[in-house]
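Chemist: The following block contains the structure, expressed as C-alpha cells.
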Amino acid sequence: MTQSGFACLILAAGRGTRMRSRLPKVLHRVAGLPMVTHVVAAAEAAGAARIGVVVGPEMADVAAAVAPHGTAMQAAQRGTGDAVRAGLPLLAGFDGPVLVLFGDTPLVRPGTLGRLVETLESPEAPTVAVLGMRPDEPDAYGRLIVDESGALQAIVEAAEATPDQRAIGLCNGGLMAFDGARLAVLLAALTDTNAKGEFYLTDTVAIAHAHGWACAVAEADTDEILGVNTRVDLAAAEAAMQRRLRFAAMRGGATLVDPDTVWLAADTRLGQDVTIGPSVVFGPGVTVADGVAIGAFCHLEGVAIERGARIGPFARLRPGAVVGEDCHVGNFVEIKNARLGAGAKVNHLSYVGDAAVGARSNIGAGTITCNYDGHAKHHTEIGADVFVGSNTALVAPVTVGDEALIAAGSVITADVPAGAMAVARGRQATKPGRARSWRAAVAAKRQT
Ligand code: UD1
Ligand code: MG
C-alpha cells in the first residue's frame, strides 16, 4: 500500500485543565496558528488520504479550525483509547493504516508521520507502530517495553509502571500507527481497570502482542513530539518552532540579521534575497517577494509585499495591506487595508487605511487618511503620480485624481480632479517687524 493510503485521527477532546484557560487547549497558538492547525497541516503535508479530529463537547471552535476535515465528538473524557473509539465513524469504509496523533503536539513533522506509516508497511508488517523518544526527563510518559530483539511488547503508563519500568528511557511519543483492519478488534479489548480508570490507547500494544501480532518502534527527536500541557510547555513549543522557522527562512535565501529576535508565523512566505533587520514580528498571512528589505522593529500581519520594496524601520503593516513593487514605507507609518501602487512612497509618520494609492505617488510626512466617522469606514482613492504635502488629512470618502498636488497642511474634504492643485488651509498672514515690536512690548511690561 502506498503512503497516500493512510488516514489520520487527531485527538483533541482533552479540556487541557493545566492551561488554566477558557480556550480549548488545542486552539492556543504557536507561531501564529492554533496548535491543532499545525498537526492538521503536518497530516496534510504527509499525504493523508483522510483526516478526522476527535473533539469534546462545546468545542465548535475547534471544529471550525479544522474544517473542512470532519470531527467526531467524545462525550466524556474516558481516555485516549475511548477517544479513538469515538473517532471510528470518521474512518468508516477505510481499512488502510490509521495514524493517531495528538492535537497538542504542534512540532510534529510530516516526514515523521510518513516514517511511522513506513514502519507499519515494513516486511515484518507490524499491527501497531509507535513513535519512540528518549526525553531527558521521562516522568509522565508511557514507557516502551521491548524484548531482546527490539520488538515492542507493551506500553506501560507512568502511573502503572514498576520502579524498574520507570527506569526505562525509551518513551511513548504519543503517535501510533495501526493496521486499520485490526484497529476495531484492539479497541474492543480495552478495559479501564487501571490507575486512572481510563481506556488507554497504549494498552492496544499488549493486546496485539497477546494475539501474536507484531508491534514496532520508530524513534524520533524529542523536540518534535513535545506535548503541550501547560503555558510553560507552550512557550517551549513556540521557541522550538521559531528556531525551526528561522532556519528554514535563512536556508530559503533570506538574511536575518539577528535571527533570535525575528518572530515568524508558520505561514510566513519570504522570497529570495529578502533582508530582515532585528526585532521584526510577522503575524499570520504575510507574503514577501524577492529583494525586499525590512528594517528593524517592524510589525506585519496579513500583508503582501511585492518585489524590491523597502519597509521600516518601525513600520506597522496591518491586514489587507498590499505594498507594490519598489515602494518605500518608512518609520512610524501604519498601513491597513490599503494598496500602494508600484514605486509609491509613504516615508514618515503616516496612517494609510482603507485606501488605494496609485503608482509613484508620494505621501508626505504626517499624512492621515481619516477613514472612520465613528460609525463606518470609508475609502480614500489616490491616483498615480500624486503629490500629497506633509500633514494632510484626507477625510474619506474622497478621491484624488492622477497627477494632482495637495498643499501641505490641507484638510481635504472634497474630491480633487486629475492634474489639479488643492490648498485647504488658512491663508498665511505675515506682518513685517511685528515680532520685534511684540517682544519689546512684553519686555516693557516686565519692567513695570
Ligand atoms: C499520552 C500517552 C503516553 C504518552 C504521552 C505522550 C496514553 C494513555 N498515554 O499520555 O503513553 O507518553 O501521551 O505525550 O495514551 N484525549 C482525548 N480524550 C481523552 C483523553 C485524551 O481526546 O479522553 C486527547 C487529549 O486532548 C490529548 C491527547 O489525547 O490531545 C493525549 O492525552 P493526554 O491526557 O495528554 O495523554 P498523556 O497523559 O500525555
Ligand atoms: Mg499529554
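The values are calculated or read from the model by the stated rules, or taken from the named source; none is laboratory data. Since the model is a prediction, treat every value here as computed from it, not as a measurement. Glycine also receives a Cβ, built like all others from the backbone with ideal geometry; neighbour counts cover every protein chain displayed.
Chemist: Here is a check on your reading of the model: is Arg18 within 16 Å of ligand 2 (Cβ to nearest atom), among the basic types (Lys, Arg) and at pLDDT below 95?
Modeler: Spelling it out, Arg18 is indeed within 16 Å of ligand 2 (Cβ to nearest atom), among the basic types (Lys, Arg) and at pLDDT below 95.
Chemist: Report, by residue number, each residue of the range 102-156 that is within 16 Å of ligand 1 (Cβ to nearest atom), among the small types (Gly, Ala, Ser) and under 23 Å from Ala236 (Cβ atoms).
Modeler: Of everything in the range 102-156, those that are within 16 Å of ligand 1 (Cβ to nearest atom), among the small types (Gly, Ala, Ser) and under 23 Å from Ala236 (Cβ atoms) turn out to be Gly103, Gly132, Ala140, Gly142.
Chemist: Let me ask something else. Out of all the residues in the range 175-196, which are within 11 Å of ligand 1 (Cβ to nearest atom) and within 35 Å of the chain's Cα centre (by Cα)?
Modeler: Within the range 175-196, Leu175, Met176, Lys196 meet the criteria.
Chemist: Looking at Gly47, Gly96, can you tell me which residue is part of a loop (DSSP other than H, G, I, E, B), surrounded by 19 or more Cβ atoms within 10 Å (Cβ to Cβ) and away from ligand 2 (no atom under 14 Å from the Cβ)?
Modeler: So the residue among Gly47, Gly96 that is part of a loop (DSSP other than H, G, I, E, B), surrounded by 19 or more Cβ atoms within 10 Å (Cβ to Cβ) and away from ligand 2 (no atom under 14 Å from the Cβ) is Gly96.
Chemist: Would you pick out the residues in the range 41-59 that are away from ligand 1 (no atom under 13 Å from the Cβ) and modelled with pLDDT of 95 or more? Give the derivation first.
Modeler: Taking the range 41-59 and keeping what is away from ligand 1 (no atom under 13 Å from the Cβ), we get 41-51, 58.
Listed by number, the residues that qualify are Ala41, Ala42, Ala43, Glu44, Ala45, Ala46, Gly47, Ala48, Ala49, Arg50, Ile51.
Chemist: Going through the range 225-253 one residue at a time, which ones are surrounded by 13 or more Cβ atoms within 10 Å (Cβ to Cβ), within 16 Å of ligand 1 (Cβ to nearest atom) and either under 18 Å from the mean Cα position of the chain (by Cα) or aliphatic (A, V, I, L, M) (or both)?
Modeler: Matches in the range 225-253: Ile225, Leu226, Gly227, Val228, Arg231, Asp233, Leu234, Ala236, Ala237, Ala240.
Chemist: To continue, here is another question. Considering every residue within the range 76-99, establish whether at least one is at pLDDT 95 or above and under 22 Å from the mean Cα position of the chain (by Cα).
Modeler: no
Chemist: Tally time: how many residues in the range 282-323 are over 19 Å from Gly366 (Cα atoms) and hydrophobic (A, V, I, L, M, F, W, C)?
Modeler: 15
Chemist: On to the next question. Can you name every residue in the range 422-434 that is small (Gly, Ala, Ser) and either over 60 Å from the mean Cα position of the chain (by Cα) or surrounded by 10 or more Cβ atoms within 10 Å (Cβ to Cβ) (or both)? Break it down stepwise before answering.
Modeler: Narrowing the range 422-434 to residues small (Gly, Ala, Ser): 422, 424, 426, 429, 433.
Once the filter is applied, which keeps residues that are small (Gly, Ala, Ser) and either over 60 Å from the mean Cα position of the chain (by Cα) or surrounded by 10 or more Cβ atoms within 10 Å (Cβ to Cβ) (or both), the range 422-434 yields Ala422, Ala424, Gly433.
Chemist: If only one of Val54, Val66 is within 16 Å of ligand 2 (Cβ to nearest atom) and among the aliphatic types (A, V, I, L, M), which one is it?
Modeler: Numbers: Val66 fails: within 16 Å of ligand 2 (Cβ to nearest atom).
One residue alone meets the criteria, Val54.
Chemist: Could we say that Gly174 is crowded, with 21+ Cβ neighbours inside 10 Å and at pLDDT below 95 here? Spell out the reasoning first.
Modeler: Numbers: crowded, with 21+ Cβ neighbours inside 10 Å: yes; at pLDDT below 95: yes.
So Gly174 fits the description; yes.
Chemist: Could you check the range 228-254 and list, in sequence order, the residues that are touching a residue at least 60 places away in the same chain (Cβ under 8 Å) and within 15 Å of Arg109 (Cβ to Cβ)? So that I can check it myself, show each step before the final result.
Modeler: Residues of the range 228-254 touching a residue at least 60 places away in the same chain (Cβ under 8 Å): 228-231, 234, 237-238, 240-242, 244-245.
Those that are touching a residue at least 60 places away in the same chain (Cβ under 8 Å) and within 15 Å of Arg109 (Cβ to Cβ): Ala237, Ala240, Met241, Arg244, Leu245.
Chemist: Given (1) among the small types (Gly, Ala, Ser); (2) more than 15 Å from ligand 2 (Cβ to nearest atom); (3) more than 14 Å from Asp223 (Cα to Cα), identify the lone condition not met by Gly132.
Modeler: (3)
Chemist: Could I ask something else about it? So which residues in the range 160-177 are more than 16 Å from ligand 2 (Cβ to nearest atom) and in contact (Cβ under 8 Å) with a residue 40 or more places away in the chain?
Modeler: Scanning the range 160-177 gives Leu170, Ala177.
Chemist: So, one more: Scan the strands (runs of 3 or more DSSP E) fully inside the range 120-194 and keep the ones with 2 or more residues being under 30 Å from Pro89 (Cβ atoms).
Modeler: Values: elements: 128-133, 143-146, 152-156, 171-178.
Per the criteria, 128-133, 152-156, 171-178.
Chemist: Within the range 307-327, can you find the residues that are farther than 16 Å from Val281 by Cα and crowded, with 21+ Cβ neighbours inside 10 Å?
Modeler: Within the range 307-327, Ala309, Val323, Gly324, Cys327 meet the criteria.
Chemist: Looking only at the range 236-248, filter to residues that are touching a Pro at 6+ places or on another chain (Cβ under 8 Å) and of a type in the set (A, V, I, L, M); which one of those is farthest from Ala266 (Cα to Cα)?
Modeler: Checked the range 236-248; the qualifying residue farthest from Ala266 (Cα to Cα) is Ala237.
Chemist: Assess whether Arg246 counts as being more than 16 Å from ligand 2 (Cβ to nearest atom), under 22 Å from Ala338 (Cβ atoms) and among the basic types (Lys, Arg).
Modeler: Numbers: more than 16 Å from ligand 2 (Cβ to nearest atom): yes; under 22 Å from Ala338 (Cβ atoms): no; among the basic types (Lys, Arg): yes.
It is false that Arg246 is more than 16 Å from ligand 2 (Cβ to nearest atom), under 22 Å from Ala338 (Cβ atoms) and among the basic types (Lys, Arg).
Chemist: Okay, moving on. Between a first residue in the range 197-221 that is under 19 Å from Thr119 (Cα atoms) and more than 14 Å from ligand 1 (Cβ to nearest atom) and a second residue that is part of a loop (DSSP other than H, G, I, E, B) and of a type in the set (Val, Ile, Thr), which pairs have beta carbons less than 6 Å apart while being 6 or more apart in sequence or on different chains?
Modeler: Close Cβ pairs (under 6 Å, with a partner that is part of a loop (DSSP other than H, G, I, E, B) and of a type in the set (Val, Ile, Thr)) amount to Ala208/Thr127; Trp213/Thr127.
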